[in-house]
1. Any idea which residue in the range A:1-41 is farthest from the other protein chains (Cβ to nearest Cβ), counting only those that are acidic (Asp, Glu) and open to solvent by 10 Å² or more (accessible area, probe 1.4 Å)?
2. Could you please give the count of residues in the range A:95-123 that are crowded, with 19+ Cβ neighbours inside 10 Å and under 14 Å from the mean Cα position of the chain (by Cα)?
3. Among the residues of the range B:42-54, which ones are of a type outside the set (A, V, I, L, M), open to solvent by less than 20 Å² (accessible area, probe 1.4 Å) and at the interface with chain A (Cβ under 9 Å from one of its Cβ atoms)?
4. Could you grab me the full set of residues in the range A:55-92 that are over 14 Å from A:PHE110 (Cβ atoms), open to solvent by 10 Å² or more (accessible area, probe 1.4 Å) and at the interface with chain B (Cβ under 7 Å from one of its Cβ atoms)?
5. Between residues in the range B:129-142 that are in contact (Cβ under 8 Å) with a residue 40 or more places away in the chain and residues that are among the hydrophobic types (A, V, I, L, M, F, W, C) and open to solvent by 20 Å² or more (accessible area, probe 1.4 Å), which pairs lie under 8 Å by C-beta distance while being six or more apart or on different chains?
6. Could you tell me whether the range A:125-141 includes any residue that is touching a Gly at 6+ places or on another chain (Cβ under 8 Å), open to solvent by less than 60 Å² (accessible area, probe 1.4 Å) and facing chain B (nearest Cβ under 7 Å)?
7. Pairs only if they're at least six apart or on different chains, beta carbon under 8 angstrom, first in the range A:116-128 and without any contact (Cβ under 8 Å) to a residue 40 or more places away in the chain, second surrounded by fewer than 14 Cβ atoms within 10 Å (Cβ to Cβ) and assigned to a loop (DSSP other than H, G, I, E, B); list them, first residue then second.
8. Just checking, which of A:PRO119, A:PRO107 is of a type outside the set (Gly, Ala, Ser) and closer than 20 Å to B:ALA82 by Cα?
Number of protein chains: 2
Amino acid sequence: MRAALDAAVQAAAAGEVPVGAAVVLDGRILAVAANAPRTRHDPTAHAEMLAIRAAAEAIGGDRLSDCDLWVTLEPCAMCAGAIAHARIARLYYGASDPKGGAVEHGPRLFAQPTIHHRPEIYPGIGEGEAAALLREFFAARR
Amino acid sequence: MRAALDAAVQAAAAGEVPVGAAVVLDGRILAVAANAPRTRHDPTAHAEMLAIRAAAEAIGGDRLSDCDLWVTLEPCAMCAGAIAHARIARLYYGASDPKGGAVEHGPRLFAQPTIHHRPEIYPGIGEGEAAALLREFFAARR
């Protein structure tokens, strides 16, 4: 989660909502990414998506079956869907997101009967620091 | 939808589930893409995602506010989330997907109170041809 939090700080420095993510396999970091939709001109460029894509490229397949995803914010529906497609084994996340989250809020995607894969889910990891980054970012923009 | 259906045929030829998508602005096709997660080693490489990403790159921004998305299959949660993030104005799709769809099935994402953007939705466009492509693809694999 340290790498994901550092990526979130980088996102904020680039004017992006501070969210970071890392994909880990057997204790080794395969990919780390910072949220970057504005910088990259890509509405799909959330931290989780970029980390999943980079990790899949690194292992040369479209499934990350034994991998863990660490992310500083509760994933949205797009990212939760990608986590299911990638067959991520364990999802660790920091701050809850009542507005945009799709794990414990909104569509609660992994609780849907049609979901084809459910990772183990560990919320609240590094939550204090992740939430503080978001609060500071939005406070500075007001 | 013709361009999206042609892309679906190309996906099948590459051994991918036959789904195609196109992003259109003012009657002009900005991007066409075929489903390609296996070929690209990218679990997020659904046709809609690739078309949205290419269109956003083409216009140099992360919002496709006046654009329409045409896709041969009901979008999944990941793609429906991306459609909302991209602010797609109108969504036209072909075949329904009771197992993986997230528009009229499963989480019914655009009906969720927390969704931040809802496109106009037109299902069943080119449905016969889109569904036949999928049936033939899966029949050949059995």
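1. Of the range A:1-41, the ones acidic (Asp, Glu) are A:6, A:16, A:26.
Okay, now just the ones that are also open to solvent by 10 Å² or more (accessible area, probe 1.4 Å), so A:6, A:26.
Working: A:ASP6: 23, A:ASP26: 19 Å.
Top of the filtered list is A:ASP6.
2. Qualifying residue count for the region: 7.
3. Within the range B:42-54, the first condition is being of a type outside the set (A, V, I, L, M), and the residues that meet it are B:42-44, B:46, B:48, B:53.
Filter again for open to solvent by less than 20 Å² (accessible area, probe 1.4 Å), leaving B:42-44, B:48.
Those that are of a type outside the set (A, V, I, L, M), open to solvent by less than 20 Å² (accessible area, probe 1.4 Å) and at the interface with chain A (Cβ under 9 Å from one of its Cβ atoms): B:ASP42, B:PRO43, B:THR44.
4. Residues satisfying the conditions are A:GLU57, A:GLY60, A:GLY61, A:ASP62, A:ARG63.
5. B:ALA130/B:LEU73; B:LEU133/B:VAL9; B:LEU133/B:ALA12; B:LEU134/B:VAL17; B:LEU134/B:LEU73; B:GLU136/B:ALA12; B:PHE137/B:ALA12; B:PHE137/B:VAL17
6. No, there is no match, as no residue in the range A:125-141 is touching a Gly at 6+ places or on another chain (Cβ under 8 Å), open to solvent by less than 60 Å² (accessible area, probe 1.4 Å) and facing chain B (nearest Cβ under 7 Å).
7. A:HIS116/B:LYS99
8. Values: A:PRO119 fails: closer than 20 Å to B:ALA82 by Cα.
A:PRO107 is the lone residue from the list that is of a type outside the set (Gly, Ala, Ser) and closer than 20 Å to B:ALA82 by Cα.
The values are calculated or read from the model by the stated rules, or taken from the named source; none is laboratory data. All values derive from a computational prediction rather than experimental measurement. Neighbour counts run over all protein chains shown; Cβ positions are idealised from the backbone, glycine included. Accessible surface areas use protein heavy atoms only, side chains included; no ligands, DNA or RNA. Shrake-Rupley method; radii C 1.70, N 1.55, O 1.52, S 1.80 Å.
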